[in-house]
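Chemist: Below is one structure. I have some questions about it.
The values are calculated or read from the model by the stated rules, or taken from the named source; none is laboratory data. None of the values given here were measured: they were computed from a predicted structure. Virtual Cβ from ideal backbone geometry, glycine too; neighbours counted across all protein chains shown. SASA here: full protein model, heavy atoms, side chains in, ligands and nucleic acids out. Shrake-Rupley method; radii C 1.70, N 1.55, O 1.52, S 1.80 Å.
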Amino acid sequence: MTVTAAHLSKLLQGEIEGNPEAQVERPGKIEDAGPGEITFLANLKYESFAYTTEASVILVSKDFEPKKPIKATLIRVDDVYASVAFLLDEFGGKVEAQGEVSSSSFVHESAKIGDKVSMGHFAVVEEGAEVGEGTIIFPQVFIGKNAKIGKNVILYPGVKIQHDCVVGDNCILHSNAVIGSDGFGFAPQADGTYRKIAQTGNVILEENVEVGANTTIDRATMGSTVIKAGAKLDNLIMVAHNAEIGKNTVVAAQAGFAGSSKIGNNCMIGGQAGFVGHIQIADGVKVQAQSGINKTIKEEGSAWYGSPALPYNDYLRSYAAFRRLPDMMKKMKQLERELKALKGE
Amino acid sequence: MTVTAAHLSKLLQGEIEGNPEAQVERPGKIEDAGPGEITFLANLKYESFAYTTEASVILVSKDFEPKKPIKATLIRVDDVYASVAFLLDEFGGKVEAQGEVSSSSFVHESAKIGDKVSMGHFAVVEEGAEVGEGTIIFPQVFIGKNAKIGKNVILYPGVKIQHDCVVGDNCILHSNAVIGSDGFGFAPQADGTYRKIAQTGNVILEENVEVGANTTIDRATMGSTVIKAGAKLDNLIMVAHNAEIGKNTVVAAQAGFAGSSKIGNNCMIGGQAGFVGHIQIADGVKVQAQSGINKTIKEEGSAWYGSPALPYNDYLRSYAAFRRLPDMMKKMKQLERELKALKGE
Amino acid sequence: MTVTAAHLSKLLQGEIEGNPEAQVERPGKIEDAGPGEITFLANLKYESFAYTTEASVILVSKDFEPKKPIKATLIRVDDVYASVAFLLDEFGGKVEAQGEVSSSSFVHESAKIGDKVSMGHFAVVEEGAEVGEGTIIFPQVFIGKNAKIGKNVILYPGVKIQHDCVVGDNCILHSNAVIGSDGFGFAPQADGTYRKIAQTGNVILEENVEVGANTTIDRATMGSTVIKAGAKLDNLIMVAHNAEIGKNTVVAAQAGFAGSSKIGNNCMIGGQAGFVGHIQIADGVKVQAQSGINKTIKEEGSAWYGSPALPYNDYLRSYAAFRRLPDMMKKMKQLERELKALKGE
């Protein structure tokens, strides 16, 4: 599909600068986009590429002021990222499905499969499970007994959803994610061994949740581990039993949440961050990557850093001092010497 | 199944307080349990819920002293967690299996499959492999050549056990766990490339080991990577080639063990902790979450924290001082000024 | 296969010391090798075992000087690890394959499958995909639409390669690795929700790349996420959209690379290390385990440690001072007191 810059600008309610007839076929990265490609400049780290790119069209912010001439046609928009999201949707990225259930999948006779469900080869839907209308199940997916999958869900190859778990409408689960593995619960015995505590609860993903590749969400001991509506989890994340992740909270890769931790709405959690169990985190809290949160945080919108975490700016100040510690040690010794001298020792 | 508080109290050798005829149908969390549910209070963080819960019965410790009246019937027991574990087992949580091998699984003709083995759809058992009596193999599991799986093992959907690996009796492996992937071994070459070192060993899980979802345990270069009896590994853990995890050692999610690290018995390892290779850790050692252990630890039962890890209390003391570092820097400058003034400079 | 020490020594261009007729059947670890086994001593931490081992032959460095008598025959070589790699290859470790496509796999009629390709049970090759000559595809692997797999690749059980991704010749991908899951890209909306940004790019693994078990490499938003030739990634690693890992760079387990990070050639990245997005790392950089890299590093061959990372030696010096901080605090108070006394306060 080839469209003109003018056409795109109109779609995006943008303002055009340069040749409105510039032809665009596909999107490209600003570092290496070529003729026929549309690219974008949102992060000013990449500004220098705007002056050298061979791309035909660049999306920029309405307040962007070029420091040098730019060869490409510019489309000025209010929100560059939102425009990119819109265009990528238009230009492709939609998951295609044929609404067919492969004859080499296994669907238990008691399972209820909605209209227009696609099911790939070697997928399994166990007894009593339900799959909503328009849901796309890729090959090698497992849906356990009595699990309930909503409408227009996408389950990528290798996703495992265990018995009794619930996946809301419009959720997207990436490959090899595991929903509903047993919580990690053991009662220590007098002889040093551990007795397994049966994990009788489930996992509930509300609607519009995204779960990354190889992320694991354990079932509750009793009740439910819950990922609330609109939350987005990246790859290789651990959510332990009875934890809760709030609405529209975004979690970067490799973060971990211990048992019964409750994370608020609209939080932003950095990669490789960790949370101990049985704590509550207020709405809008930001946690820097690799931080370790070991207590309840009540201040909405507060930012945290370090392991164990301190208020963000406090950590930066302490860490700046940490860098200068060896110098500080030397100064201290110097002070001691001078003081001794003064005292005539 | 509905039972009375009196019946449960007898099963648990507990003491009843309140209505012995209170009816219980299922377990629930103390935060949201309702009528007909039995819940428990072990962590006093949750004490306030005991005074407001609608649950019919609460398990509490024999020495629990309520500060307000409690509506529910109490059952007082010696060990709340052990009683919960017992009840959850009774009330459900048992994995059901039918002892049938799915016709849409693949079992090599030379494989030996014990009595009452259940095997799910699209599972694979390769040449020369053995599966012990009563073992439950869920769909999409892979068991490689000459692997040996013990009795009463549970392999959840997507587990991969590679050739020659050994899984002891009563082990439980959660979805997409990988046992026996190649160890990460490469010999640097003069031209900057790496030559792969063949990984000719295996992995041995002794009996009663639990392995979490998406956890990976690499095969040894030579010999075996060993997880000893009763060890419990949570999700997304990495165990590298030739490592050993001791008996009844418990490891929280996302921890990692580098090559040839040897962890003692009855250790407790926090989440996201890391261990360098070629070190030994004594029995009963406790490692705080996110810590980095970079040397052998010989003190049995010692506790560690930080990256690189220090003795637990030392780290806490240093970190407390770290928080006050910016103030300390100011004080130091003040001291310098005062000293200069005293010296008449 | 049994060979003599003399035969092995000749193969390795080594020098023999002891009985050249010592018989060797298989490799073993120096801690527990027995008669008929060949073992090696490279890391001097294990030297004590050389004096007690029952192994028949030990590979040692040409400059190794034993402190006690050694019973085994020694073969002295220039590079112990390279010799071990060579021998392990000779003694076994080759992946066997039969060059057959299982009738219980699914291969789309439009897919192009090269000669001597082995394909296991319940593997899937979708429309338009290509698989090169001699490639081994284990059971339960998924190869998406239009994906291109090179020659002599090994894809272990459960590997998922999504649509349009490219895997170069001689790559090895371990079980449940995921290539081409969606990048984690969302545009924040005015109402607090997030709109998914379509991820329209792909992943390219160049030749001779190794990818560990359960590692995830996300597809680019536009363009490609690239792992360059000869790079080796361990287990449970996260590579985000549009990241690049340089040639012959080695990454230990559980490390994570955020979006658009570019890692140079011949770098060595420790386990659980993390990189923020949109930074560049020079060639030959070494990053200590658990470090957090939050800015571009321009110094080739430099070494880093800490979170956020400092130059390696600076971190060690600061951390040494951190250990002594509580003492330093006490000393500071003492200085204050003395100064006050001097000033007659």
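Chemist: Could you grab me the full set of residues in the range C:4-43 that are open to solvent by 20 Å² or more (accessible area, probe 1.4 Å) and part of a strand (DSSP E or B)?
Modeler: C:THR4, C:GLU15, C:ILE16, C:GLU17, C:GLN23, C:ARG26, C:PRO27, C:GLU37, C:PHE40
Chemist: Among the residues that make up the range B:97-110, is at least one of them of a type in the set (Asp, Glu), farther than 20 Å from C:PHE122 by Cα and assigned to a loop (DSSP other than H, G, I, E, B)?
Modeler: No, that holds for no residue.
Chemist: Sticking with this structure for a sec: Residues to consider are B:ILE204, B:ILE237, B:ILE179, B:ILE197; find the one that is farther than 16 Å from B:CYS165 by Cβ, more than 12 Å from the chain's Cα centre (by Cα) and of a type in the set (A, V, I, L, M, F, W, C).
Modeler: Going through B:ILE204, B:ILE237, B:ILE179, B:ILE197 in turn, the sole match is B:ILE197.
Chemist: If A:ILE279 passes every condition in (1) surrounded by fewer than 23 Cβ atoms within 10 Å (Cβ to Cβ); (2) within 21 Å of A:ASP234 (Cα to Cα); (3) in contact with a Ser or Thr (Cβ under 6 Å, 6 or more places away or on another chain) but one, which one does it miss?
Modeler: Of the numbered conditions (1) surrounded by fewer than 23 Cβ atoms within 10 Å (Cβ to Cβ); (2) within 21 Å of A:ASP234 (Cα to Cα); (3) in contact with a Ser or Thr (Cβ under 6 Å, 6 or more places away or on another chain), the odd one out for A:ILE279 is (2).
Chemist: Now for a separate question. Of the residues A:LYS295, A:LYS286, A:LYS333, which is under 19 Å from the mean Cα position of the chain (by Cα) and open to solvent by 20 Å² or more (accessible area, probe 1.4 Å)?
Modeler: Answer to the selection: A:LYS286.
Residue by residue, here is whether (1) surrounded by fewer than 15 Cβ atoms within 10 Å (Cβ to Cβ); (2) within 13 Å of chain B (Cβ to nearest Cβ) holds:
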{"residue": "C:GLU47", "(1), (2)": "no, yes"}
{"residue": "C:GLU54", "(1), (2)": "yes, no"}
{"residue": "C:LYS62", "(1), (2)": "yes, no"}
{"residue": "C:PRO69", "(1), (2)": "yes, no"}
{"residue": "C:ALA72", "(1), (2)": "no, no"}
{"residue": "C:ALA82", "(1), (2)": "no, yes"}
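Chemist: Condition first: surrounded by fewer than 24 Cβ atoms within 10 Å (Cβ to Cβ), of a type in the set (D, E, K, R) and either over 17 Å from C:ASN242 (Cβ atoms) or more than 8 Å from chain A (Cβ to nearest Cβ) (or both). Now tell me which residues in the range C:196-210 satisfy that.
Modeler: Within the range C:196-210, C:GLU206, C:GLU207 qualify.
Chemist: Shifting gears a bit: Look through the range B:128-146, keep the residues that are within 10 Å of another protein chain (Cβ to nearest Cβ) and either charged (D, E, K, R) or under 17 Å from B:ASN202 (Cβ atoms) (or both), and return whichever of them is most open to solvent (accessible area, probe 1.4 Å).
Modeler: B:LYS145
Chemist: Got a number for residues in the range C:44-80 being among the basic types (Lys, Arg) and in a loop (DSSP other than H, G, I, E, B)?
Modeler: Of the residues in the range C:44-80, the ones among the basic types (Lys, Arg) are C:45, C:62, C:67-68, C:71, C:76.
Imposing the further condition that a residue be in a loop (DSSP other than H, G, I, E, B) reduces the set to C:62, C:67-68, C:71.
Looking only at that region, the number is 4.
Chemist: Might you let me know whether the range C:250-259 holds any residue that is in contact with a Lys or Arg (Cβ under 9 Å, 6 or more places away or on another chain), in the same structural domain as C:ASP182 (by TED's automatic domain parsing) and within 20 Å of A:VAL251 (Cα to Cα)? Break it down into steps so the answer makes sense when it comes.
Modeler: Of the residues in the range C:250-259, the ones in contact with a Lys or Arg (Cβ under 9 Å, 6 or more places away or on another chain) are C:250-251.
With the extra rule that they be in the same structural domain as C:ASP182 (by TED's automatic domain parsing), the set shrinks to C:250-251.
After this cut, where a residue has to be within 20 Å of A:VAL251 (Cα to Cα) as well, the list is none.
Within the range C:250-259, none of the residues are in contact with a Lys or Arg (Cβ under 9 Å, 6 or more places away or on another chain), in the same structural domain as C:ASP182 (by TED's automatic domain parsing) and within 20 Å of A:VAL251 (Cα to Cα).
Chemist: Moving on. Take the range A:156-195 and flag every residue that is more than 13 Å from chain B (Cβ to nearest Cβ) and of a type in the set (A, V, I, L, M).
Modeler: Across the range A:156-195, the qualifying residues are A:VAL166, A:VAL167, A:ILE172.
Chemist: If C:ALA213 meets every condition in (1) open to solvent by 10 Å² or more (accessible area, probe 1.4 Å); (2) in contact with a Phe, Trp or Tyr (Cβ under 9 Å, 6 or more places away or on another chain); (3) aliphatic (A, V, I, L, M); (4) more than 9 Å from chain A (Cβ to nearest Cβ) apart from one, which number is that one?
Modeler: With respect to (1) open to solvent by 10 Å² or more (accessible area, probe 1.4 Å); (2) in contact with a Phe, Trp or Tyr (Cβ under 9 Å, 6 or more places away or on another chain); (3) aliphatic (A, V, I, L, M); (4) more than 9 Å from chain A (Cβ to nearest Cβ), C:ALA213 is out only on (1).
Chemist: Mind listing whichever residues of the range A:288-345 are within 10 Å of chain C (Cβ to nearest Cβ), charged (D, E, K, R) and assigned to a loop (DSSP other than H, G, I, E, B)?
Modeler: Once the filter is applied, which keeps residues that are within 10 Å of chain C (Cβ to nearest Cβ), charged (D, E, K, R) and assigned to a loop (DSSP other than H, G, I, E, B), the range A:288-345 yields A:ARG324, A:LYS343.
Chemist: Starting from the range B:21-49, keep only residues that are in the same structural domain as B:LEU8 (by TED's automatic domain parsing) and free of Cβ contacts under 8 Å to residues at least 12 places away in the same chain, then list their pairs with residues that are of a type in the set (Val, Ile, Thr) and outside any strand (DSSP E or B) whose Cβ atoms are within a distance under 9 Å, requiring at least 6 positions of separation or different chains.
Modeler: Taking only residues 6 or more apart or on different chains, the pairs are B:LYS29/A:THR221; B:ASP32/B:THR53.
Chemist: Would you tally the residues in the range B:233-261 being under 15 Å from B:GLU206 (Cβ atoms) and touching a Phe, Trp or Tyr at 6+ places or on another chain (Cβ under 6 Å)?
Modeler: Here the count works out to 2.
Chemist: Here's another thing I want to ask about it. Being farther than 28 Å from B:THR216 by Cα and assigned to a loop (DSSP other than H, G, I, E, B) is the filter here; which residues of the range C:270-283 pass it?
Modeler: C:HIS278, C:ILE279, C:ALA282, C:ASP283, listed by residue number.
Chemist: Mind counting the residues in the range C:117-151 that are outside any loop (DSSP other than H, G, I, E, B) and free of Cβ contacts under 8 Å to residues at least 40 places away in the same chain?
Modeler: Looking only at that region, the number is 11.
Chemist: Is one or more of the residues making up the range C:147-166 over 25 Å from the mean Cα position of the chain (by Cα) and surrounded by fewer than 24 Cβ atoms within 10 Å (Cβ to Cβ)?
Modeler: First, the residues of the range C:147-166 that are over 25 Å from the mean Cα position of the chain (by Cα): none.
Checking the range C:147-166: not a single residue is over 25 Å from the mean Cα position of the chain (by Cα) and surrounded by fewer than 24 Cβ atoms within 10 Å (Cβ to Cβ).
Chemist: Restricting attention to the range C:225-245, and to residues there that are surrounded by fewer than 24 Cβ atoms within 10 Å (Cβ to Cβ) and over 23 Å from B:ALA240 (Cβ atoms), which single residue is nearest to the other protein chains (Cβ to nearest Cβ)?
Modeler: Filtering first and then ranking leaves C:ALA229.
Chemist: Working only within the range B:152-167, note down all residues that are of a type in the set (A, V, I, L, M, F, W, C), within 21 Å of A:VAL159 (Cα to Cα) and not in a strand (DSSP E or B).
Modeler: The answer is B:VAL159, and nothing else.
Chemist: From A:PHE86, A:PHE184, which residue is touching a residue at least 24 places away in the same chain (Cβ under 8 Å), within 25 Å of the chain's Cα centre (by Cα) and open to solvent by 50 Å² or more (accessible area, probe 1.4 Å)? Step through it out loud before you land on a result.
Modeler: Working: A:PHE184 fails: open to solvent by 50 Å² or more (accessible area, probe 1.4 Å).
The conditions single out A:PHE86.
Chemist: Hey, could you check the range A:251-262 for residues that are more than 21 Å from C:ILE179 (Cα to Cα) and within 7 Å of another protein chain (Cβ to nearest Cβ) and say which is surrounded by the fewest Cβ atoms within 10 Å (Cβ to Cβ)? Working first, answer last.
Modeler: Going residue by residue through the range A:251-262, those that are more than 21 Å from C:ILE179 (Cα to Cα) are A:256-262.
Within this subset, residues satisfying the condition of being within 7 Å of another protein chain (Cβ to nearest Cβ) are A:256, A:258.
Numbers: A:GLY256: 31, A:ALA258: 26.
Only one residue tops the list, namely A:ALA258.
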